[in-house]
Structure formats: C-alpha cells, structure tokens
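S.K.: Can you read through this structure? Questions will come right after.
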Amino acid sequence: MIDVRNPQDGFAALRARISALGDPVGDDRGADGEPLTVGEWALLIDDIVEHPDQNTEALWNVASPEEDDREYDAIFIGGGAAGRFGSAFLKARGGRQLTIDAWPFLGGSCPHQACVPHHLFSECARELDLAKHMQGKLWYPEFDASKASILEIVKLFRAGRGMPHAIMNWQSKEQLGMEYILNAAATVIDEHTVEVDGRRFQAKNLVLCTGARTDFPAEISGLDRKGVYDFASLIEELDEEPTRCVIIGGSKVALEYGSFFQATGCQTTILTRSPLLRTASLHHVDEGLRDYVIDMMVDRGIEIVEGAQTLDVLGDDRVTGVRYRDANGEIVEVETDFVFVGTGERPDLRMYEPLGLKIDDRGFVVADATMRTSVPNVYAVGDLLGPPMEMFKARKCGVTAARNIMGEHHEFDFSEYPDFFHTTYEVTWCGLSEAEARTEYPNVIKIQMPPDDADPESFALPAAEGSMLYAFTRPILSGWLKLLVDADSRKIVGAHHVGYGAKDAFQYIDYLIRRPEGFTIDQMADLNELFLNPEHFIQLSRLRAGQMSLVSL
C-alpha cells in the first residue's frame, strides 16, 4: 500500500521514490511535508503504467477514523467520468464516498485510450487533409505520406497522457476532497460490501461505474492475430507502422479512426454490415448530412463496403488479410497488415454476478431514470446502461445517482441529446432530421447551405475558420448545414452541420430548442453573431425571419 493521504514519513519517502524517476514537468516539486504536486503525480502514474508488474501496490487516499468515522454513503466502483463526477457531487452535498479503480489514476478510459487520443487523431487528420489538398499551392509543400506516421502520433499521445491523469488525481484529492483507492481491483461481495487490496469496506449504497469495452464479434475468426486492434489496444500495443488498413464495423469510432488512418496515407477500407450512420445507436441523422459525410470520405479515398459480412481475419501469427461476403453473396479477400475493430461496445458484468442484477437482451444493466437497478441500494451509470456511450451521459448519470443517494429525487432522461463525431470534419447535429420533422409537423421549412438546387462545386458556404482555404480552392469541401423550422409555430426543430468549429454552439442550441417554450427562428435571428461564425444559423435565420409566412432558403 502507498498512502498518498497521510504517510507516516510526511511524504519524504514517497517523494524520494518519485524523484528517482526523473524531473517533473516544469520542476514541479512539493516542499517537505506537503502533498504530491501534479508533476510528481504524473511521474508516479507514468511509472506504474509503464511497469505494472513492478508497481502492484495500491494507492490509498482514505480518511483515518480520526478524520471521518462516518459510514460511507456510497462506494463508486470505477473512477472514470461517471464515478469521479458522481463522487465529487456526493462529497459536495456532505456525503462520504469511496471511489475504487483498478487503474492508478482517475478519469477512466477517456484520457487514457479513448476520447482524448481520438481528438488528437482527429486534429491530425484535419491538418493532414488540408496539407494534402493544398500541396503545391501557396506555402504548402508537396505532401509526403512517409512523414505522416500513425505510430509516431500514437507515441506522441502515450508520452503525454500522464499529465491529465495527474491533474485528476491531484484535483480529486486536494480540491474535491474525495477518498479513493487506485491501482487495485474491487471485488463485489454483496450490495453493501466491497473488498479491495485485502480489506473490506461497507457502504449504504454501491454505484457501478466500470464502463464498456469493444465488443469483438465471436463469429469472426482470427481477431486474436497480431495486427488486430481496437481503440484501446491501438494505444497500448501498436509497434509497427501500418501500410494498409481494414476496419470492421460501422460505428462512430470506425468512421473517426478510419478517417485518421486514411489522412496519414494508409489506404483504408471500411467493412460494415449496416449502412453507415443508420445504426440503432445513432438517432436523428439527417440524410443530407449522411450523404455529404460519406461523399467526402469517399472523395478522400476511403473505400466503404456496406452490406459486408466479415468472415475471417487471415494470416498465420500476423494479419495478412480479411475475408468477407459482400451484399451480392460473393466472397472477397482484402490484403492488409492492420485491422481495426469498430463494432460497438459492451460492458463486462462478470464482477457483478454476486448481485443478481437484471440485464437486458443486449447485455446492458437495467436501471430506471434515477439510476437504481433491480437490486435495492445498487445504482448503475454510464456505459453500463447502453448507448449513447458519451461523456455527458456518464458524468450526469453519476451525478444523478449521487443526488438520489443524498435524498433528492432526481431523474435523468438521456434519450435526447446533441451528437457529434469526426471524420476530417466535425459533424454535429441536434433535434430532428428533415424526414422526422416532416413526419411530425405539416409545414416544415429548411435553411440549407449549399441549397439543393445549387452546384456545390461552386457554392462556398458555409465557410469560416477552418474551411476558408477549401472555400477559395474547392468550395464543395467547405462544409454543409441545415436548419429545420416548424413554419406554423416558427420554432426550430433540428440543426445539422458539417465543417469546423460549430460543436460548442450545438451544446446550447440543443438546450434552447428543447425548452418547453422552444426557440424560434426570430429568437435565433435576434442573437449577435461573431462573424464569420462557423454554423451561419444566426444570419441565415435573419434573412428569413422577416417573412410572416416562412419559406425555405
């Protein structure tokens, strides 16, 4: 056990151990007797992650009986987004919590293997895409694909990921006052008891927050060969530069990582059984948005095979190809040295078998809107509940559980939300698709750029930061947008955008249009745009808001 809360030596021995690992970033060292700094935390976490077999001691930040002798209101099993935010909220409301995680850090897979590297990769994809498009123009040199290395970008992420972990460990202890035990797996005994690091803890409630992992299809043979990766193993295990990529699956992860691989110059094929962007886990995807996204992926050279049933990953020890049955029933083989699995995620619930939880037919935990499961005093949150597998849902589920544990009845409905993903673009939407809107409302108008009757190759809207060079060199690449309005009530019912920089706006547009009173085209027009604004919705609404009887633009 490593006590990071009240070590008997006043942190001297622990600080000496960390100092032996090297110098913290910015020489961020604590004084004698003071808790670990962020820089020292980063060194400690990196050492444990890089040498797990040599660092098996649990990290304890648990209050002594003299500090707090109350019974725990909740034990949070898992310290990712749901567990950390739920713990912080419960602590802020005066409760006592204990958070347990098998990793040596809080924050979960997002900063370690998932959303943070995904955003790094997407930023690289955007930069590489522009460099390829602009090669030989202005100051841009000819594009050299040999210098765009997937492996080097992965190594860049690996080298820097310790700092976000360190910030969360430090913040959770020093600013949020949380108690936690890290680098130690929890064993669930019953609905009130958890064992960790050889000691049993009891609480009034358990909150299950262990997330989900890639669902590797059992019917596809050869997924255990070297050269097969998912989002997590790509970070941990990639050791050679891929030259040809096949992606199995049509999830958002498949589109995002496929666009990144293609942007580096690694020819990529996506094999998907279902049509892209029409899966059950994605809702309100507009057909116009879908068409533009797929057309632009194909324009970048990605091969998309819909209706494909992947059969085998071929090779001996290492991957040499993938075999699939196409939509016509023909068997096709594709040569590759790199397979990426993007078939969605499922939780591993074996550790919760002693609880006897009710599980749905998809393999997710059944819980109500308060996050209560079928077992009294046991809550489940985040990815354990199924799609959407999104950060906002995980965090708010954790907070919802904490609020109910502390006596406040609170429900969280995550059936409606703004959504996004990346290709080389930022793709964002909220509200209804055009088809859904026309089914629900008799009189729908749309504001769309480029309009349906315009030639997109010569129509440079939308254009703003991030797309200006495309707009002036090949306008069709500058983006696409659509705003949907119920003309009778004048309320906005859907918004869709492909481009750059509009994601922040959609967080607020979604809130506004879902208010009971809604958000009208007139109210949108009355906002003050920071021109050139990426989504263009304000000024385009203003061009139509003067009409008593609205028509499309």
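The values are calculated or read from the model by the stated rules, or taken from the named source; none is laboratory data. Remember, it's a predicted structure, so these values are computed and weren't measured experimentally. Ideal geometry is used to build each Cβ from the backbone, glycine not excepted, and the neighbour counts take in all protein chains shown.
S.K.: Mind listing whichever residues of region 187-205 are surrounded by fewer than 20 Cβ atoms within 10 Å (Cβ to Cβ), under 26 Å from residue 403 (Cβ atoms) and not hydrophobic (A, V, I, L, M, F, W, C)?
M.R.: 190, 191, 192, 193, 202, 204, listed by residue number.
S.K.: Only one residue in 428, 473, 424 is surrounded by fewer than 21 Cβ atoms within 10 Å (Cβ to Cβ), of a type in the set (Val, Ile, Thr) and either assigned by TED's automatic domain parsing to the domain that holds residue 120 or at pLDDT 95 or above (or both). Which one?
M.R.: Numbers: 428 fails: surrounded by fewer than 21 Cβ atoms within 10 Å (Cβ to Cβ); 424 fails: surrounded by fewer than 21 Cβ atoms within 10 Å (Cβ to Cβ).
The conditions single out 473.
S.K.: Test residue 144 against the criterion of being at pLDDT below 95, closer than 30 Å to residue 501 by Cβ and out of contact with any helix residue (DSSP H, G or I) (no Cβ under 6 Å at 6 or more places or on another chain), and give yes or no. Write out each step before concluding.
M.R.: On the way: at pLDDT below 95: yes; closer than 30 Å to residue 501 by Cβ: yes; out of contact with any helix residue (DSSP H, G or I) (no Cβ under 6 Å at 6 or more places or on another chain): yes.
Yes: the conditions hold for residue 144.
S.K.: So for region 131-153 (the condition being closer than 20 Å to residue 85 by Cβ, without any contact (Cβ under 8 Å) to a residue 60 or more places away in the chain, in a helix (DSSP H, G or I) and not hydrophobic (A, V, I, L, M, F, W, C)), does at least one residue qualify?
M.R.: Taking region 131-153 and keeping what is closer than 20 Å to residue 85 by Cβ, we get none.
No, because not a single residue in region 131-153 is closer than 20 Å to residue 85 by Cβ, without any contact (Cβ under 8 Å) to a residue 60 or more places away in the chain, in a helix (DSSP H, G or I) and not hydrophobic (A, V, I, L, M, F, W, C).
S.K.: For region 373-389, how many residues are touching a Leu at 6+ places or on another chain (Cβ under 9 Å) and either of a type in the set (Phe, Trp, Tyr) or within 22 Å of residue 285 (Cβ to Cβ) (or both)?
M.R.: Qualifying residue count, region 373-389: 3.
S.K.: Answer yes if at least one residue in region 377-389 is assigned to a loop (DSSP other than H, G, I, E, B), at pLDDT 95 or above, crowded, with 22+ Cβ neighbours inside 10 Å and not assigned by TED's automatic domain parsing to the domain that holds residue 251, and no otherwise.
M.R.: Within region 377-389 (the criterion being assigned to a loop (DSSP other than H, G, I, E, B), at pLDDT 95 or above, crowded, with 22+ Cβ neighbours inside 10 Å and not assigned by TED's automatic domain parsing to the domain that holds residue 251), the answer is yes, since at least one residue qualifies.
S.K.: What residue, of 492, 445, is assigned to a strand (DSSP E or B), surrounded by fewer than 22 Cβ atoms within 10 Å (Cβ to Cβ) and not aromatic (Phe, Trp, Tyr)? Steps first, please.
M.R.: Working: 492 fails: surrounded by fewer than 22 Cβ atoms within 10 Å (Cβ to Cβ).
Within the list 492, 445, the selection yields 445.
S.K.: Here is a further query. Given (1) surrounded by fewer than 23 Cβ atoms within 10 Å (Cβ to Cβ); (2) over 19 Å from residue 428 (Cβ atoms); (3) at pLDDT 95 or above, where does residue 263 come up short, assuming only one miss?
M.R.: Of everything listed in (1) surrounded by fewer than 23 Cβ atoms within 10 Å (Cβ to Cβ); (2) over 19 Å from residue 428 (Cβ atoms); (3) at pLDDT 95 or above, residue 263 misses just condition (1).
S.K.: Kindly indicate whether residue 69 is within 27 Å of the chain's Cα centre (by Cα), surrounded by fewer than 21 Cβ atoms within 10 Å (Cβ to Cβ) and among the acidic types (Asp, Glu). Give the derivation first.
M.R.: Working: within 27 Å of the chain's Cα centre (by Cα): no; surrounded by fewer than 21 Cβ atoms within 10 Å (Cβ to Cβ): yes; among the acidic types (Asp, Glu): yes.
The answer is no for residue 69.
S.K.: Being assigned to a helix (DSSP H, G or I), among the hydrophobic types (A, V, I, L, M, F, W, C), crowded, with 20+ Cβ neighbours inside 10 Å and not assigned by TED's automatic domain parsing to the domain that holds residue 299: is that true of residue 435 here? Explain how you work it out, then say what you get.
M.R.: Values: assigned to a helix (DSSP H, G or I): yes; among the hydrophobic types (A, V, I, L, M, F, W, C): yes; crowded, with 20+ Cβ neighbours inside 10 Å: no; not assigned by TED's automatic domain parsing to the domain that holds residue 299: yes.
So residue 435 fails the test.
S.K.: Residue by residue through region 216-259, note down the ones that are part of a helix (DSSP H, G or I), touching a Lys or Arg at 6+ places or on another chain (Cβ under 8 Å) and of a type outside the set (Ser, Thr, Tyr). Before you say what the answer is, go through the steps one by one.
M.R.: Filtering region 216-259 down to residues part of a helix (DSSP H, G or I) leaves 231-237, 252-259.
Checking which are touching a Lys or Arg at 6+ places or on another chain (Cβ under 8 Å) leaves us with 232, 235, 259.
Residues satisfying the conditions are 232, 235.
S.K.: Could you please tell me which pairs satisfy a Cβ distance under 7 Å, a separation of 6+ or placement on different chains, a first residue in region 357-376 that is over 16 Å from residue 190 (Cα atoms) and charged (D, E, K, R), and a second residue that is assigned to a loop (DSSP other than H, G, I, E, B) and modelled with pLDDT of 95 or more?
M.R.: So the pair list comes out as 360/366; 362/386.
S.K.: Next up: Would you mind telling me which numbered condition in (1) in a strand (DSSP E or B); (2) free of Cβ contacts under 8 Å to residues at least 40 places away in the same chain; (3) crowded, with 16+ Cβ neighbours inside 10 Å residue 393 fails?
M.R.: It is condition (1) that residue 393 fails.
S.K.: Would you mind stating whether residue 476 is farther than 30 Å from residue 119 by Cβ and in contact (Cβ under 8 Å) with a residue 12 or more places away in the chain?
M.R.: On the way: farther than 30 Å from residue 119 by Cβ: no; in contact (Cβ under 8 Å) with a residue 12 or more places away in the chain: yes.
Taking the combined requirement at face value, the residue does not satisfy it.
S.K.: Could I ask something else about it? Would a scan of region 206-215 turn up a residue that is among the hydroxyl-bearing types (Ser, Thr, Tyr), in contact (Cβ under 8 Å) with a residue 24 or more places away in the chain, buried (at least 21 other Cβ atoms within 10 Å of the Cβ) and part of a loop (DSSP other than H, G, I, E, B)?
M.R.: Yes, region 206-215 has at least one match.
S.K.: Here are the criteria: (1) buried (at least 16 other Cβ atoms within 10 Å of the Cβ); (2) not assigned by TED's automatic domain parsing to the domain that holds residue 495. Tell me which single one residue 551 does not satisfy.
M.R.: Of everything listed in (1) buried (at least 16 other Cβ atoms within 10 Å of the Cβ); (2) not assigned by TED's automatic domain parsing to the domain that holds residue 495, residue 551 misses just condition (1).
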